[in-house]
Amino acid sequence: MRKKITRDDLDRFDLSILNILQVNNRLPHSAIAEKVGLSTPSVQRRISRLEEKGIIRANIAVVDPTQVGNPVTAVIESRLVEDRSIVMDRAKRYFRGVDEIQQCYFVNGGVSFIIIMIARDLQHFERLVRQHFADNQDILTYRTLIVLDTVKTGMNIPLFGLADLS
C-alpha cells in the first residue's frame, strides 16, 4: 500500500514548486528549477511524485464561463428529503453527473448541499433548476442565489508556512 504524502512530508522546495505551478503550470521545468534552486531533473521528479500522490490533482485550463456562453452563475442551497446514507450517496452521484454544476459541497448546518451552477441565460437556468431540483425526488427544498458579480474565485491554494521553511 502506497503511503500518502502529508503536509509534513512537503519541504520548502515542494511548496515553492506548488506555488509556482498554481500561478503558471505551463512554465518549463528548467525555469522552475532556476527559481527554486534545484536541477531540472529534480524538479521533474518532485512534480511527478506530487502528481502520483494526488497533491497535484490535475493540469487544466481555467476557462471563463462568460467568454464561452455561460454568463449566469448561481449559488444553490439544497436540502435532502431525508438524511439516510442511501439518499446522500444517490444525490452526490447525481450532482457529479450534471455538467452545469461546477462545484458541489456536501455540508452541515441545516442545508445538505451548496452548489455552484452555470447557465447560458435565465431561461436555461430555470430549466436546470426544474430538472435538477424542483423535479428531483431527493430534494426537499432549495434556494437559488444569482451571482451579480464575481469578486474572487480561488484557484490558488495558500501554502502556509512557506516563509517559515526558507
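The values are calculated or read from the model by the stated rules, or taken from the named source; none is laboratory data. Note that the structure is a prediction, hence the values are computed from the model and not measured. Every residue, glycine as well, gets a Cβ built from its backbone with ideal geometry; the counts of neighbours run over all protein chains shown.
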Inset, instruction - Counting only residues that are in contact (Cβ under 8 Å) with a residue 40 or more places away in the chain and of a type outside the set (Val, Ile, Thr), give me the strands (runs of 3 or more DSSP E) lying completely in the range 76-166 with at least 3 of them. - result: 139-146
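Yes or no, residue by residue, for (1) surrounded by fewer than 15 Cβ atoms within 10 Å (Cβ to Cβ); (2) free of Cβ contacts under 8 Å to residues at least 12 places away in the same chain; (3) under 19 Å from the mean Cα position of the chain (by Cα):
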residue: 8; (1), (2), (3): yes, yes, no
residue: 13; (1), (2), (3): no, no, no
residue: 24; (1), (2), (3): yes, yes, yes
residue: 28; (1), (2), (3): yes, yes, no
residue: 31; (1), (2), (3): yes, yes, no
residue: 36; (1), (2), (3): no, no, no
residue: 45; (1), (2), (3): yes, yes, no
residue: 50; (1), (2), (3): no, no, yes
residue: 55; (1), (2), (3): no, no, yes
Legend entry - Selection within the range 33-63 - of a type in the set (A, V, I, L, M, F, W, C), part of a helix (DSSP H, G or I) and farther than 17 Å from residue 157 by Cβ: 33, 36, 43
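Yes or no, residue by residue, for (1) under 29 Å from residue 23 (Cα atoms); (2) basic (Lys, Arg); (3) touching a helix residue (DSSP H, G or I) at 6+ places or on another chain (Cβ under 6 Å):
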{"residue": "58", "(1), (2), (3)": "yes, no, no"}
{"residue": "68", "(1), (2), (3)": "yes, no, no"}
{"residue": "100", "(1), (2), (3)": "yes, no, yes"}
{"residue": "110", "(1), (2), (3)": "no, no, no"}
{"residue": "117", "(1), (2), (3)": "yes, no, no"}
{"residue": "156", "(1), (2), (3)": "yes, no, yes"}
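Each row is one residue, and each column tells you yes or no for (1) at pLDDT 95 or above; (2) surrounded by 12 or more Cβ atoms within 10 Å (Cβ to Cβ).
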residue	(1), (2)
110	no, no
116	yes, yes
120	yes, yes
125	yes, yes
129	yes, yes
134	yes, no
141	yes, yes
164	no, no
Inset, instruction - Answer with yes or no whether residue 149 is acidic (Asp, Glu), within 27 Å of residue 55 (Cβ to Cβ) and exposed (fewer than 15 other Cβ atoms within 10 Å of the Cβ). - result: no
Legend entry - Those residues of the range 72-93 which are within 22 Å of the chain's Cα centre (by Cα), under 13 Å from residue 140 (Cα atoms) and surrounded by fewer than 18 Cβ atoms within 10 Å (Cβ to Cβ), in sequence order: 77, 79, 88
